[in-house]
Amino acid sequence: MEKTERYVVGIDLGGTKIAAALFDSQGNIRNRERMETANAKTAEEVVQRLVDMTRSVAGGLPLSGVGLASPGAVNSKDGIVLHGTNLPEWTNVPLKRWMGDALDVEVQVVNDANAAAWGEYVRGAGKGAETMVYVTFSTGIGAGIVLDGKLLLGATSFAGELGHTIVEPGGPACSCGNNGCWEMFASGTAIRDSAAELMRSRSSAIADLAAAQGEAMSAKHVFEAYRQGDGVAVQVVDRAVSYMALGLANAVHTFNPDRIVIGGGVSKAGDQLFPALRDRTEQMVMKPYRGTYELVAAGLQDDVGLIGAAALFHAS
Ligand SMILES: [Zn+2]
């Protein structure tokens, strides 16, 4: 007898938007929906929307699970979002139980960076690797680790916060309460801020590039100026690449990955970034690690969270 096709719904829970998609067992997206969370007042209200959205996107097809990617601190074992989203009253929300009860289906909840790491591992640039370190350089630094083919969660499922490893004691204050975290030196925000700092005393094309595009200055414009040989941009990018490499070298020493996957806005600098980042990382790792890992750009785009959350079911 032919086995009935089972589907999975993947949900990416953002601060302002919720995206949901229906996946078949091959991992293809068969249906999708997006929704604003702006006027939701309570956690119950948001969860009711998640339930409605799941039913709507599934359209009556049989589900084997619902995978949710949530920002902030998540207890994946019990499926509870502890805190850290921009949603109302979003503290200790038992998503797994509430949604599981309403839908009568298994629900898994994972932190968004871990979901993205798993998505890249199963369907993106991490495919075929054994141990993968995923790092996304954007506003902050997100990271997730796949160790020997398994998503590393840790005792309380907070593993992989590489962005908050301290690389400079006494460095700039981070939102986490510590000083000198990696993301204070190597994130897109850090790149923008150090360019702005230098531009107080030196002229640079960065501001003009941003103005010409009618955008607030960001790391993107720093990389554009870097391409033109702008002095400030060259100094800022060189420093950022050194710090990125420092953090990656720490990760290589800790996890001994065969692949490092780089995502986030900063990774779009591609040709400007990757050769230099590979060289600097290779210089910083100890000899036995040299040549043992690939450093590649992420393969999935905005759907990475959804894909990773859904793949918590299909890949297992
Ligand atoms: Zn921090």
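The values are calculated or read from the model by the stated rules, or taken from the named source; none is laboratory data. Here the structure is a predicted model, which means the values were calculated and not measured. In this analysis, Cβ positions are derived from the backbone assuming ideal geometry, glycine residues included, and neighbour counts consider all displayed protein chains. Calculation scope for accessible area: heavy atoms of the full protein, side chains included, ligands and nucleic acids excluded. Shrake-Rupley method; radii C 1.70, N 1.55, O 1.52, S 1.80 Å.
Roughly what angle does helix 304-314 make with the longest principal axis of the chain, taking Cα atoms, 0 to 90 degrees, to the nearest 10?
Helix 304-314 and the main axis of the chain meet at about 40 degrees.
Any chance you could run the full-extension gain for SER203 through LYS17? It's 0.36 nm times the residue separation minus the Cα-Cα distance, nm to one decimal.
63.1 nm
Which loop-located GluC sites (Glu not before Pro) does region 20-93 contain, where loop means any DSSP state but H, G, I, E or B and the Cβ has at most 15 other Cβ atoms within 10 Å?
Here the GluC sites (Glu not before Pro) that fit, given the DSSP loop and packing criteria, are GLU89.
What fraction of the DSSP beta bridges in the chain is antiparallel, stated in percent and rounded to the nearest 5?
55 percent
Between ASN256 and MET35, what length comes free when the chain is fully extended (0.36 nm per residue of separation minus the Cα-Cα distance, one decimal in nm)?
Net length gain for the segment: 75.6 nm.
With each pseudo-label sitting 7 Å past Cα toward Cβ, what's the SER138-GLN48 distance in nm, one decimal?
Here the answer is 3.0 nm between the modelled labels.
Counting only DSSP beta bridges with both residues in region 127-297, tell me the antiparallel percent, nearest 5.
Here the antiparallel bridges make up roughly 55 percent for region 127-297.
Considering the convex hull of the alpha carbon atoms of the chain, report its projected area averaged over all viewing directions, in nm², one decimal.
Result: a mean projected hull area of 18.1 nm².
Working from Cα positions, state the angle (0 to 90°, nearest 10) between the long axis of helix 188-198 and the longest principal axis of the chain.
Approximately 20 degrees, to the nearest ten.
With a 1.4 Å probe and all protein chains left in place, how much of the accessible area of region 127-297 comes from carbon and sulfur atoms, in whole percent?
51 percent
On alpha carbon coordinates alone, what is the Rg over Rh value for region 61-110, Rh being the Kirkwood radius?
Result: Rg/Rh = 0.99.
Specify whether the C-alpha gyration tensor of region 127-297 places it in the rounded, prolate or oblate class, a ≥ b ≥ c being the square roots of the eigenvalues: rounded for a/c under 1.5, otherwise prolate if a/b is larger than b/c and oblate if not.
prolate
Tally Lys/Arg at +1 and Asp/Glu at -1 over every other residue whose Cβ is under 13 Å from the Cβ of ALA43; what's the total?
It works out to a net charge of 0.
In nanometres, what is the gap between the two model label sites at ASN178 and ASP148, each 7 Å from Cα along Cα-to-Cβ?
In this crude label model, ASN178 to ASP148 measures out at 2.6 nm.
What is the local net charge at ASN111, summed over the other residues whose Cβ is closer than 13 Å to its Cβ (Lys, Arg +1; Asp, Glu -1)?
-2
Taking amide H atoms as placed 1.01 Å from N in the peptide plane, list the residues 5 or more away in sequence, or in a different chain, whose amide H sits under 5 Å from that of ASN31.
LEU22
Quick one: angle between helix 112-123 and the longest Cα principal axis of the chain, in degrees between 0 and 90, rounded to 10, please.
Relative to the chain, helix 112-123 is tipped by roughly 80 degrees.
Going by a ≥ b ≥ c, the root eigenvalues of the Cα gyration tensor, does region 227-316 fall in the rounded group (a/c under 1.5), the prolate group (a/b larger than b/c) or the oblate group?
oblate
Under 5 Å between amide H atoms, partner at least 5 residues away or on a different chain: which partners does THR37 have, H built in plane at 1.01 Å?
Here the answer is LYS17, ILE18, since their amide H atoms fall under 5 Å of that of THR37.
Send over a whole-number figure in Å² for the accessible area per residue of the chain, probe 1.4 Å.
46 Å²
Build a GNM of the chain with springs between Cα atoms under 10 Å: which of ARG34, ARG200, ARG55 gets the top mean-square fluctuation?
Greatest mean-square fluctuation among the candidates belongs to ARG200.
Hey, can you rank 222-228, 153-159 by average C-beta count inside 10 Å, highest first?
Ranking, from highest mean packing down: 222-228, 153-159.
Between GLN235 and ASN92, what FRET efficiency comes out of the Förster formula 1/(1 + (r/R0)^6) with R0 = 35 Å and r the beta carbon distance, rounded to 0.05?
The computed FRET efficiency comes out at 0.15.
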